[in-house]
Each structure stands twice: as structure tokens, then as C-alpha cells.
Amino acid sequence: MLLTTIAALQEGDTFIFQQVFTQYHEKLFFYMLSKTQSTYLSEEAVQLTFIKLWQYRASLNQEISLSRQIFRIAKTTLIDLLRSKEYNNRIIVQMNPAHEQSLCNNVDDRINESELKEKVWKGIQQMPPMRRKIFELSRYSGMSYKEIAKELSLSVKTVEHHISRALKQLQHIVSILAPIILFFRK
């Protein structure tokens, strides 16, 4: 009897798992890299994706393509990683004022950081209303794209598009300000 890849994974076939790993590892890595621009985060997310795939292999759905299920696991894993990284950074700063002080050693640094935050805030305020609302729900309320799509009666792709455009807009603001801030530090 010939088993499908998903059925073989569900039964714990390590050879099939190794084949799936070989087939999808590179694709997942470059997908993650395109989202994060971080080799470290991309590698971490890919490894965690395959760990989760193995741990939850019994719950794989044979009606949905394996590729789609793997990329869904990867997306949620990346979101979890980014959220935990942000949370950990906030905890470190809150628990260790000396760490925060080391990040802003002098008054100039604090002024530049304040100016940058103000420019970013103004950039958010200048976004079209729907894009701003989606961005704020994602970044400030911590909602997933799926939750935002459901709340606003949009498709997940529309939410992704708005977030992508919002990030590009903010990235443009930061890329303009960064050289100016660095220039005045000298």
C-alpha cells in the first residue's frame, strides 16, 4: 500500500520527514528571509517550523496540500518569534534601567531617538485611514492578520498588502532620517 506523504508523516516515517525537510528547507528559509531580512531569525523560524511539523504531524490534514500546511506553520512560527523577541526586549529594558541607559548614553541620543519616534508617529498618522487602522491593530493591539481580516471584513491578503505598504512607508521615513542622525553624531 502506497502512503501519501502526509499519511507517512502522521505514522512517524522519519525517511519521509527527511525528504520533506530537504524539499522545503531552502524554500522556507528564503521565504522567511524575504519577510525578516535577518538570517538568524529566518534560520530560527525554519528550524522551529520543522520541529512543530514533527511534533504535530498527527494533526496534519490530508485534504490540504503539505506545502500549504508547512508555510502556514512557518508564518505562525515567525509571528510568534517576532512577538516573543519584542516582548523580551521590553522586559529587559523594564527590568534593567542600566541597559536602557546604555542604549541612550547621552542627551543627543535621547533627542535623536525622540525625533525618530515622532517622525514615525507622524508617518503613521499620514497613512490612509484603512492602512493606519490595520497597522495599529497589528502593531499596537497585537492582532494577527487573520484576526484583523475577520474584524474588518477583509481578506488576509488585503491585510498583508496594507501592512507591507505601511512598513515600506515607515522604512522610507527611517532611511531618510538615519543618515541625518548619524551625520549629527559625528
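The values are calculated or read from the model by the stated rules, or taken from the named source; none is laboratory data. Predicted, not measured: the structure shown is a model, and the values here were computed from it. Backbone-built Cβ (ideal geometry, glycine too); neighbour counts: all protein chains shown.
Structure values in brief
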| read-out | value |
| --- | --- |
| Residue count, the range 1-34 (criterion: surrounded by fewer than 14 Cβ atoms within 10 Å (Cβ to Cβ), assigned to a helix (DSSP H, G or I), modelled with pLDDT of 90 or more and small (G, A, S)) | 0 |
| Any chance I148 is more than 14 Å from the chain's Cα centre (by Cα) and not hydroxyl-bearing (S, T, Y) | yes |
| Every residue from the range 58-82 that is buried (at least 17 other Cβ atoms within 10 Å of the Cβ) and outside any helix (DSSP H, G or I) | L60 |
